[in-house]
Amino acid sequence: MRFIKYSFAINSYHQAVKTINACHSRKIFPIIYIKYFIVDGFGPDWLKEFNNLLIQQFPSKTFKIYVDCKKNFGLFINLVEQKINYLKFYSKKENLKKLNQIAKKNKVLLNPQFSVIDLSKIKNINLKIDRILMK
């Protein structure tokens with residue numbers, strides 16, 4: 001069975017649960033994208049608890065989390081220590097090489113090339129995912 005990888009931007013826990021359920025019914029491997037302003041506002045501890053709640057609901061290998069860190073070095077280091085699956089970080093090439101070594105050591109992928117589909121303002125998530133599959 002082949003899974004297709006898509007990244008979905010969400011704003012809440014309930015949107016994440018609906019997205020994961022809709023993706024599993026269509027054999028899509030969901031990657032939950034968390035925007036920078038959410039993590040910066042609530043903090044990295046919120047993201048850890050968010051991940052734990054999702055793991056209680058679904059097995060940990062059925063979804064992954066992708067977080068935008070912008071240029072926040074402290075947030076980046078904290079999320080690498082928590083072993084978040086994918087991180088997006090903006091920096092100069094010299095700094096990016098060093099940060100990539102830190103990420104590899106902790107088995108975290110830095111700046112993956114995913115297209116992000118924004119589901120934060122969508123009410124009918126199932127219909128949106130069906131439209132994506134039709135393309």
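So the values come out like this:
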quantity: Cross-chain or 6+ apart pairs with Cβ under 7 Å, region 113-135 first and farther than 15 Å from residue 7 by Cβ, then in a helix (DSSP H, G or I); calculated: 126/22
quantity: Candidate set from region 70-90 (those that are in contact with an Asp or Glu (Cβ under 9 Å, 6 or more places away or on another chain) and of a type in the set (A, V, I, L, M)); member that is nearest to residue 43 (Cα to Cα); calculated: 75
quantity: Among residues of region 123-133, those that are of a type in the set (D, E, K, R) and outside any helix (DSSP H, G or I), counted; calculated: 1
quantity: Selection within region 59-74 - over 15 Å from the mean Cα position of the chain (by Cα) and either under 25 Å from residue 118 (Cβ atoms) or crowded, with 16+ Cβ neighbours inside 10 Å (or both); calculated: 71, 72
quantity: Helices (runs of 4 or more DSSP H) contained entirely in region 34-122, each with at least 1 residues that are within 21 Å of residue 9 (Cβ to Cβ); calculated: 36-42, 44-57, 73-81
quantity: Whichever residue in region 80-94 is in contact with a strand residue (DSSP E or B) (Cβ under 6 Å, 6 or more places away or on another chain) and not aromatic (Phe, Trp, Tyr) and, among such residues, is farthest from residue 38 (Cα to Cα); calculated: 85
quantity: Close pairs from region 50-67: first among the small types (Gly, Ala, Ser), partner modelled with pLDDT under 95, Cβ under 9 Å, at least 6 apart; calculated: 60/51; 60/54
quantity: Condition broken by residue 85, with the remaining ones in (1) in contact with a helix residue (DSSP H, G or I) (Cβ under 7 Å, 6 or more places away or on another chain); (2) touching a residue at least 24 places away in the same chain (Cβ under 8 Å) satisfied; calculated: (1)
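The values are calculated or read from the model by the stated rules, or taken from the named source; none is laboratory data. Computed from a predicted model, the values in this text were never measured in an experiment. Here the Cβ is made from the backbone with ideal geometry for all residues, glycine too, and neighbour counts use every protein chain on show.
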